[in-house]
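A quick write-up on the structure given underneath.
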Amino acid sequence: MLDLFDAQVTSRQLDLAGRWLRGFGEGFYTIGSAGHEGNAAVAAALRPTDPALLHYRSGAFYCVRAAQAAADSAATAGSATNADSAATADPKSSAPVPSGSVPSGSVLTGSVPVDVDRSESRPSGRGSTSAEWPDRGSTSAEWPDRGSTSAEWPDREATGPEATGREVTGREMIGREVTGREVTGREVTGPEVTGPEVTDRDPAGSEPPTGGFAAYEDAARDVLRGMVASSQEPIAGGRHKVFGRADLAIVPTTSTVASHLPRAVGMGLAVERLRRLDSVGRRTGAGVRVGGGAGPASAPWPPDAIVVCSFGDASVNHASATAAFNTAGWYDHAGLRIPVLFVCEDNGLGISVRSPEGWVEATLRAKPGIRYFGADGADPVRAYAVAAEAAAWVRHNRRPAVLHLRTVRLMGHAGADAESAYRSTAELAEDLDRDPVAATARLLVDAGVATGEELLARYDETGWQVRRLAEEVLGEPKLASAADVVSALAPRRPVRVARAVADAAARASGPGAGARVEAFGGKPPELAGPMSLAQSINAALADGMLDHPQMAIFGEDVAAKGGVYGVTKGLRDRFGAARVFDTLLDETSVLGLGLGAGLAGMLPVPEIQYLAYLHNAEDQLRGEAATMQFFSRGAFRNPMVVRVAGLAYQEGFGGHFHNDNSVAVLRDVPGLVVAVPARPDDAAPMLRTCLASAAVDGSVCVFVEPIALYHTRDLYAEGDGEWLAAYPEPGAWVSGHVPIGRARVYRVGSADDLTIITFGNGVRMSLRAAAALAEEGVGTRVVDLRWLAPLPVADIIRESSATGRVLVVDETRRSGGVGEGVIAALVDGGYVGAARRVAGVDSFVPLGPAARHVLVSAEAITDGARTLLAR
């Protein structure tokens, strides 16, 4: 319990450090964990190998997890050294203690009380080159005198809970008179205490250690580096202040307003699916590694791990939270296992908006398929016991549960938040009385572990140690250039991707040839004759499933039905329901499953049934998928290829939601790869490239499939079959490889007079227009962009400069459409010729024949070309 107290105090002092740093412009993040330190007990009840996605008030949790992991590493190293002696020891006395449990005689899982050298020199004061703690213009409370164990902080205007409009540090709460056996309103005696062990003082009178900061020093340094945006911060490298470290199994979350909950559900589902794959055999050493950064081709966590996901009470109202809870319950109802422990840290406030009394509990209890546990974060003993019970239940049953941890919020939402503007003095005083740091201190005093003065000395010592670290990190370098900032965003290693495609080809034509023929029913696709776009994608998906054992295809109607357009037809029968499965109807959850699966070591290929439906869930791509490598410097990755049926021109069907022609929301996401195959002979190699890029570089790719071209057979005349193409045999995959960001050029006639730049449905219409122009003696080169992000800029400039006349044919909208990016690329590239656009009208696509009035047509392309040539 003393170690638990030290973790809580470290977290509290870090909050104060954030205010101090902000006071003189060197700190950039002041959302703290004060009042939420009860989550230290939650961390103690878990294993350090349980992956965690943490709320931004998780300072104490982070400290405990860091100490657990360090102790486990030390124990692992020591076990090898002491193997011989351990073999001869009494097995009862040397039995290993599993992580996540508290053995007799220990004070906290995986940690040991550590003495701090109190003779160490005081951190540099005024006049030193490093920053000073109390002054520098800070508006926060000043640091106490190091030698004092009971002195009030300087310049306090009030000492009781009635004080408002100032920071509360926990020190004054510890310093209050502690009498009797009262701990959070109930009597506790030594034998009753369970959880983190509380022991009586040594009868010989030896003094307890006066500081246990050493166990949490690394964690404190991590947090401080995040506050000052140091480039040496271990996870985001100065890009954001997050809780995350790969060796602690803590996955960084940047929004924490529920957007990480769908990912947590996906992680839970993936942990179970990967365990099943392991049980039937996984190819290791061959194929392309997926997930886990530099890790092996397997799940990065133990098979019996559970996923932990914390969030605030206001977040339960968010659509993303509703999606995650519903999906977890839906799968549980269907009999599938998702071992996720949701932790709702309920302080009753969303900045200034109160959660109605009882609302959060009623909401969480009402979630079908999710077991409810409740505890008070101000009661560390009970909080630990309930958290341990909840974790054990999830781990044993592999089913979802929620721990409702009641907390308080001290020191406001963030540094600039004046709570007195919207909270009463009495309400603030009530929260002070429930300070979890003070509650743990009272428990320690009641149990005779330490006196109040000794705990105050421990508190002060931790404060000075945090100050020392804060002064150290102030001098560390920041990100120095735009190149530094974006270096971790979306790595591109085209040579490795090409090599991965070549390796896949070698396996498909070599050791995997027999299995491939069997998977295709004895007739591989290259022998099936000319294929449509849909058929080519289907065959490429099957080849991908054969080459990537961790690959899974999922979405609405993709399994039993084979997709609404038949693109995934037969794949479930070939590869089984564990790898090709239907999801519930919710795009946020579909993408969340993909995010979690990629993080867990799978290669997910989710399908969004229609482009218009993606907008319901776009933040899962923008805020979660695309940011993972950026905010973890590649330590975590969520490789994913999202298939989206989209764009317009469905005849006899649709309206806006089935003919959406807007991709601006995708092109705006940094690092996202956006592919649009138009031809069958492009679709397969482009999909192979996306799968390889996801596996090699952790890329997040969106593969937009033009619905109107799925089953198109003809190009110029009915029955010509010129839009069909043969599927390449594996021996041709290398020569037919399509790198990300490379266009395809068609030359019609002399190809010297005009360049048409287009994509998707525009390719077929432009080729038809070019044929008509050729009859008039006009030579045209048609450039199929193929990749909308990144745009093939070099190809655009080269092909445009070759003719000096450019017609951009953009089937999306004139405002915010792809054509704007193409024109901008031409200007930036120094193009000096003539240019013109033909684009869709700024309108939603209407139903029936009216759609022709707002969409690009082959006739409009021809007219635009003639106008351009007449200049």
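The values are calculated or read from the model by the stated rules, or taken from the named source; none is laboratory data. Note that the coordinates shown come from a computational prediction; the quantities given were computed from them, not determined experimentally. Cβ: placed from backbone, ideal geometry, glycine included. Neighbour counts: every protein chain shown. To get the accessible areas, we keep the full protein, side chains included, count just its heavy atoms, and leave off ligands, DNA and RNA. Shrake-Rupley method; radii C 1.70, N 1.55, O 1.52, S 1.80 Å.
Stretching Ala794 away from Ala319 to a fully extended chain increases their span by 166.8 nm, per 0.36 nm per residue minus the current alpha-carbon distance. Highest-first packing order for the peptide set 735-744, 817-826, 38-47 is 38-47, 817-826, 735-744, based on the mean count of other beta carbon atoms within 10 Å. With a Förster radius of 45 Å applied to the beta-carbon distance between Arg814 and Tyr716, the computed FRET efficiency rounds to 0.95. For segment 415-467, the Stokes-Einstein estimate of translational diffusion at 4 °C and a viscosity of 1.567 mPa s comes to 98 µm²/s, using the Kirkwood hydrodynamic radius over alpha-carbon pairs. Only protein heavy atoms count here; under a 1.4 Å probe, Lys569 has an accessible surface of about 140 Å². Would you kindly give the portion of the calculated P(r) for segment 775-871 that falls above 21 Å, as a percent of all Cα pairs? Everything past 21 Å amounts to 35 percent. Rounded to the nearest 0.05, the FRET efficiency derived from the C-beta distance between Ser424 and Glu472 at R0 = 60 Å is 0.90. Let me have the relative contact order for segment 745-825, percent, based on Cα pairs under 8 Å that are six or more residues apart. With pairs under 8 Å counted, the relative contact order is 38 percent.
Amide H contacts of Arg406: Asp346, Ala375, Asp376, Gly377, each under 5 Å away and 5 or more positions distant or on a separate chain (H built 1.01 Å from N in the peptide plane; Pro and chain starts excluded).
Remark: segment 519-674 carries 28 Å² of accessible area per residue (probe radius 1.4 Å; ligands, DNA and RNA excluded). Simple point charges give the picture: +1 on the Cβ of Lys and Arg, -1 on the Cβ of Asp and Glu, and for segment 599-676 a dipole about the Cα centre of about 340 debye.
The GluC sites (Glu not before Pro) of segment 425-516 include none that meets both conditions, a loop assignment by DSSP and at most 11 other Cβ atoms within 10 Å of the site Cβ. Projecting label points 7 angstrom from Cα along Cα→Cβ for Ala362 and His333 puts them 2.1 nm apart.
Length available on full extension from Lys561 to Glu518: 0.36 nm per residue minus the Cα-Cα distance, which gives 13.3 nm. Counting only protein heavy atoms and a probe of 1.4 Å, the accessible surface of segment 625-693 is 54% carbon and sulfur. In this view, the solvent-accessible surface of Thr689, computed with a 1.4 Å probe and all protein chains in place, comes to about 0 Å². Taking the 1.4 Å solvent-accessible surface of segment 540-585 as the whole, the part contributed by carbon and sulfur is 49%.
Dipole magnitude for segment 305-392: computed about the Cα centre from +1 point charges on Lys and Arg Cβ and -1 point charges on Asp and Glu Cβ, it is near 280 debye.
Can you find, among Gly594, Pro677, Met551, the residue sitting farthest towards the positive end of the charge dipole of segment 536-682, where Lys and Arg contribute +1 and Asp and Glu -1 at Cβ? The residue sitting farthest along the positive end of the dipole is Met551. Over segment 523-581, Cα pairs under 8 Å with separation of 6+ residues give a relative contact order of 31 percent. The charge dipole of segment 647-760, taken about the Cα centre with unit charges on the Cβ atoms of Lys, Arg (+1) and Asp, Glu (-1), comes to about 360 debye, rounded to the nearest 20. Computed from the C-beta positions of Ala498 and Ala732 and an R0 of 22 Å, the FRET efficiency is 0.95 to the nearest 0.05. Length available on full extension from Ile351 to Asp417: 0.36 nm per residue minus the Cα-Cα distance, which gives 22.9 nm.
For segment 396-408, the Karplus equation 6.51 cos²θ - 1.76 cosθ + 1.60, evaluated at θ = phi - 60°, returns couplings of 6, 8, 6, 10, x, 8, 10, 9, 8, 9, 7, 10, 10 Hz by residue, with Gly and Pro reported as x.
Take the Cα of Gln232, step 7 Å along the line toward its Cβ, and report every residue of segment 457-479 whose backbone nitrogen sits under 19 Å from that point. Answer for this model: 465-479.
With 10 Å bins beginning at zero, the pair-distance distribution over Cα atoms of segment 597-667 amounts to 19, 42, 26, 11, 2 %.
Across all Cα pairs in segment 388-445, the calculated P(r) in 5 Å bins from zero up to the longest distance comes to 4, 14, 16, 14, 14, 12, 12, 9, 4, 0 percent per bin.
For segment 295-381, the relative contact order works out to 35 percent when only alpha carbon pairs closer than 8 Å and six or more residues apart are counted.
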